[in-house]
Amino acid sequence: MYSEKAKKNADACRFCWMCRHLCPVQLVTGKETNTPRAKGLQVSMMERGMKMDEASARTMYECMLCGACTNDCATGFDPLVFIREGRTQALVNDLVPPEVQQVLDRIEKTGNMYGAAECRVSFDGIPEKGDVLVWLGETARYSVPECAEAFFSVLKKAGVSFAALQREPASGCALGDLMGFVEDVRAQAEKAAEAIRASGAKKVVVLDSYDAALMRHEYRDWGIEMPEIVTATAFAAELVRQGKLQPKKVNAIVTYHDGSRLARDLDEHEEARFLLKEMGCEIHEMWQNRRLAKCCGSAVAGQFMPEIRKKVALNRWKDVLRTDARILTAACPQSTEAFQAQIPEGCEYRDLFVMLDRNL
């Protein structure tokens, strides 16, 4: 059964198709069932007696949870509420697609969506307790460690005393995206909060915007006490404003990709652009930017629908090619993972913190 909140959000849908042109998955598959409108219609039908089957369960997973539909919804409601609950219903009814179940099994076995046994980041000389704790997230720890190590280097060059957890637990973000915000996810969040409290941190600087959004919003809703949560981009920008970091000028033309959760869930758009301008970069914006930016594909989606994630990332690269810039940069490890795997000929991708570190 869907919650009253989910039913309200689904029934509020006017089925107007206005979200159709915004959905990154629908744009690359052309399937009507991939639109938020179609998912809302299915939820309404299920509440009126239609049974969920394997096909309807799969459609709930063919979504990046990027929030573009929510941002532009004519009714002002949030399709992600009933899409997440649709995934919960798939789990309850034993209809989870096999490829999704494999990811869930990896999380149960190893604690991370990659099924990795060891973190790939070097923590040489970094303590595990301190007033400032850097939270890396799964993607930086297991997939693109250069993002984490560059950020560590930036902080060291700024003279910041910081800590990081070598055995950082999952925040609950990946599991929440796979099965909805059920008790298992809240349990993961509690363990993450316990680890943060044990570090003695008064401020948590979060590298992965997916983790930052969960900690800022869901943790609060669940009554989980946390220190101040700051995004890595906002923290680095403040270091520059304070004069603790003085970037060299690179005089490059770049375009910046707004990560979905950084731009929409956290409503942060200018800090990364400030850092790029401080490095002497001339920013040529893609047509859809800030809250309207198209998703490039999340890391968890890349685990169970890699071909769709690949097409979504390539679709965003097409937006880059419509600008005069051939250097793309982004500020979230999950964006780095998606873009690095699909770089068109003649283009270059630079993670923001790798770029900043090299220009200090």
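List the residue pairs whose Cβ atoms are under 6 Å apart, where the first residue sits in the range 167-185 and is touching a residue at least 40 places away in the same chain (Cβ under 8 Å), the second is surrounded by fewer than 21 Cβ atoms within 10 Å (Cβ to Cβ) and small (Gly, Ala, Ser), and the two are 6 or more positions apart or on different chains.
Correct list of pairs: PRO169/ALA195; ALA170/GLY111.
Of the residues LYS202, LYS244, LYS157, which single one is touching a Pro at 6+ places or on another chain (Cβ under 6 Å), modelled with pLDDT of 95 or more, surrounded by fewer than 17 Cβ atoms within 10 Å (Cβ to Cβ) and of a type outside the set (Val, Ile, Thr)?
So the residue among LYS202, LYS244, LYS157 that is touching a Pro at 6+ places or on another chain (Cβ under 6 Å), modelled with pLDDT of 95 or more, surrounded by fewer than 17 Cβ atoms within 10 Å (Cβ to Cβ) and of a type outside the set (Val, Ile, Thr) is LYS202.
Pairs under 7 Å by beta carbon, first residue among the basic types (Lys, Arg) in the range 34-50, partner modelled with pLDDT under 85 and part of a loop (DSSP other than H, G, I, E, B), six or more apart or different chains?
ARG37/CYS13; ARG37/PHE15; ARG37/TRP17; ARG37/CYS19; ARG37/ARG20
Surrounded by 23 or more Cβ atoms within 10 Å (Cβ to Cβ) and touching a Lys or Arg at 6+ places or on another chain (Cβ under 9 Å): is that true of GLU85 in this structure?
yes
Within the range 93-124, how many residues are surrounded by 15 or more Cβ atoms within 10 Å (Cβ to Cβ), aliphatic (A, V, I, L, M) and either touching a strand residue (DSSP E or B) at 6+ places or on another chain (Cβ under 7 Å) or not in a helix (DSSP H, G or I) (or both)?
5
What number of residues within the range 313-355 satisfy the criterion of being part of a helix (DSSP H, G or I), closer than 20 Å to GLU285 by Cβ and either over 18 Å from the mean Cα position of the chain (by Cα) or not polar (S, T, N, Q) (or both)?
Going residue by residue through the range 313-355, those that are part of a helix (DSSP H, G or I) are 313-321, 333-340, 352-355.
Next, only the ones that are closer than 20 Å to GLU285 by Cβ stay: 313-321, 335-336, 338-339, 352, 355.
Then keep just the ones that are either over 18 Å from the mean Cα position of the chain (by Cα) or not polar (S, T, N, Q) (or both); that gives 313-314, 316-321, 338-339, 352, 355.
So the count comes out to 12.
Hand me the list of helices (runs of 4 or more DSSP H) wholly inside the range 1-51 holding 1 or more residues that are in contact with a Ser or Thr (Cβ under 9 Å, 6 or more places away or on another chain) and among the charged types (D, E, K, R). Working first, answer last.
On the way: elements: 4-11, 24-29, 36-46.
So the answer is 4-11, 36-46.
Which of (1) assigned to a helix (DSSP H, G or I); (2) in contact (Cβ under 8 Å) with a residue 12 or more places away in the chain; (3) charged (D, E, K, R); (4) more than 30 Å from ASN9 (Cβ to Cβ) does GLU128 not meet, given it meets every other one?
With (1) assigned to a helix (DSSP H, G or I); (2) in contact (Cβ under 8 Å) with a residue 12 or more places away in the chain; (3) charged (D, E, K, R); (4) more than 30 Å from ASN9 (Cβ to Cβ) applied to GLU128, the lone miss is (1).
If you check LEU214 against the conditions, is it in contact (Cβ under 8 Å) with a residue 24 or more places away in the chain and either assigned by TED's automatic domain parsing to the domain that holds CYS66 or within 20 Å of the chain's Cα centre (by Cα) (or both)?
yes
The values are calculated or read from the model by the stated rules, or taken from the named source; none is laboratory data. Being a predicted model, the structure only gives us computed values, none of them experimental. With ideal geometry, Cβ positions are generated from the backbone for all residues, glycine too; neighbour counts draw on all protein chains shown.
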